[in-house]
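The values are calculated or read from the model by the stated rules, or taken from the named source; none is laboratory data. The structure presented is a predicted model; accordingly, all values stated were derived computationally and were not measured. Note: ideal-geometry Cβ built from the backbone for every residue, glycine included; neighbour counts use all protein chains shown.
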Amino acid sequence: MAERKARIGFVGCGGHATSVLYPTLHRIPQVELVAVCDLKEELAKRNARFFGALRWYTDVREMLEKEDLDGVIIVGPPQMHVEVGKICLDAGKPIFVEKPSAISYEEALSLARYAEERGLWGAVAYMKRYAVGYRMAKQITSSPEFGGIHFLQIEFSNGPYPAIWGIDDPAKAFLIGQAVHLFNLARFFCGEIVEVYAKLYRLTENMFAYAVVGKFQSGIPFIMNLNSLEAKDWKIRERLCLSGNGCWLEVVDMLHLRYRPRELMLPEFKVGGRTQTLTWSPEWAEVLATKAEGAFGYQGEIEAFAKACLGEGEPASTLWDGAKDLQVAEAVWESANSNKLVQIAV
């Protein structure tokens, strides 16, 4: 008997969805792409043809009426995530939305509550939680040998950031559209963030830097360097560093992991009294082969959604997570503009 697949409808045929997310679907055995939907008929037809959907639509309500779906993937601007998400929830379908799940914490919270009130759920596309480097780091830092995480550092930069989605200030848009990834990643490793203090420096309208310090509910401190200064085009640099009890770990650009354990892994090669630093770094052919898969987490996030639609497990990031990350983003913005420490309710 053939294994049951999750019958998925996909709303949105824009650039990110088409180049990054749709190509993962045929690699996931639990997914059957039943239908695609986009307001632009030519895009819906194109993606149905390219990615093997049985049918295409330009009206999400028509798709929901005519198709027997287990879940719906929604990828577009955050306002669309809320609007279309609620339509799908009204039809009794769990949803997967890109990040950010909404344009504001209030809107994101309303979407999470909307799902809960209907006995449903939703996932948010934080692919970093599924990336190989970060999953390895999570396993290592959760082990007794690491002795717990006692300090977190994040550095993140890309090129000049635009004003998007109707947000007038690019520095605010950056927090909502990009930095939520880093807030979610920090929460993935250390739990809820309860206070932040931020400084914002502007070089130009689209080039700026945030210095953010704060602490988690556990009392563990963190520091973040979030900026758009380090390239003239869209080049991302990312580094996570976690300090343990007598050991440390870092992940660079999601692909390269270095770990210095407390104890010697190869005692016979002790040199100068220091422990060894272990390194994991995929070679280029492996990166190429897994570009849309495990290396960066895009396949993992959709596979988790499909399995959850079939009642097999839960997604790593829910609509509630999407709201929490926007709450942190708004707290950083408030602190940067008020020059005050901002408390975040848990």
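Give the residues of region 12-47 that are in contact with a Cys (Cβ under 9 Å, 6 or more places away or on another chain), farther than 20 Å from Lys307 by Cβ and either surrounded by 17 or more Cβ atoms within 10 Å (Cβ to Cβ) or modelled with pLDDT under 95 (or both), sorted by residue number. Of everything in region 12-47, those that are in contact with a Cys (Cβ under 9 Å, 6 or more places away or on another chain), farther than 20 Å from Lys307 by Cβ and either surrounded by 17 or more Cβ atoms within 10 Å (Cβ to Cβ) or modelled with pLDDT under 95 (or both) turn out to be Gly12, Cys13, Val36, Cys37, Asp38, Leu43, Ala44, Asn47. Restricting region 25-46 to residues that are out of contact with any Gly (no Cβ under 9 Å at 6 or more places or on another chain) and part of a helix (DSSP H, G or I), which is nearest to Met127 (Cα to Cα)? Per the criteria, the residue is Arg27.
Considering the conditions (1) without any contact (Cβ under 8 Å) to a residue 24 or more places away in the chain; (2) charged (D, E, K, R); (3) over 22 Å from Lys232 (Cα atoms), Arg187 is excluded by exactly one of them, (1).
A quick yes/no check of all residues on (1) over 20 Å from Gly177 (Cβ atoms); (2) out of contact with any Pro (no Cβ under 7 Å at 6 or more places or on another chain); (3) surrounded by 16 or more Cβ atoms within 10 Å (Cβ to Cβ):
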residue	(1), (2), (3)
Val212	no, yes, yes
Asn227	no, yes, yes
Arg237	no, yes, no
Cys247	yes, no, yes
Val252	yes, yes, yes
His256	yes, yes, no
Pro261	yes, yes, yes
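Just one of the listed residues (Gly219, Gly244) is of a type in the set (Gly, Ala, Ser) and either touching a Ser or Thr at 6+ places or on another chain (Cβ under 7 Å) or modelled with pLDDT under 95 (or both), and it is Gly244.
Taken over region 164-184, residues that are of a type outside the set (Phe, Trp, Tyr) and surrounded by fewer than 16 Cβ atoms within 10 Å (Cβ to Cβ) amount to 4.
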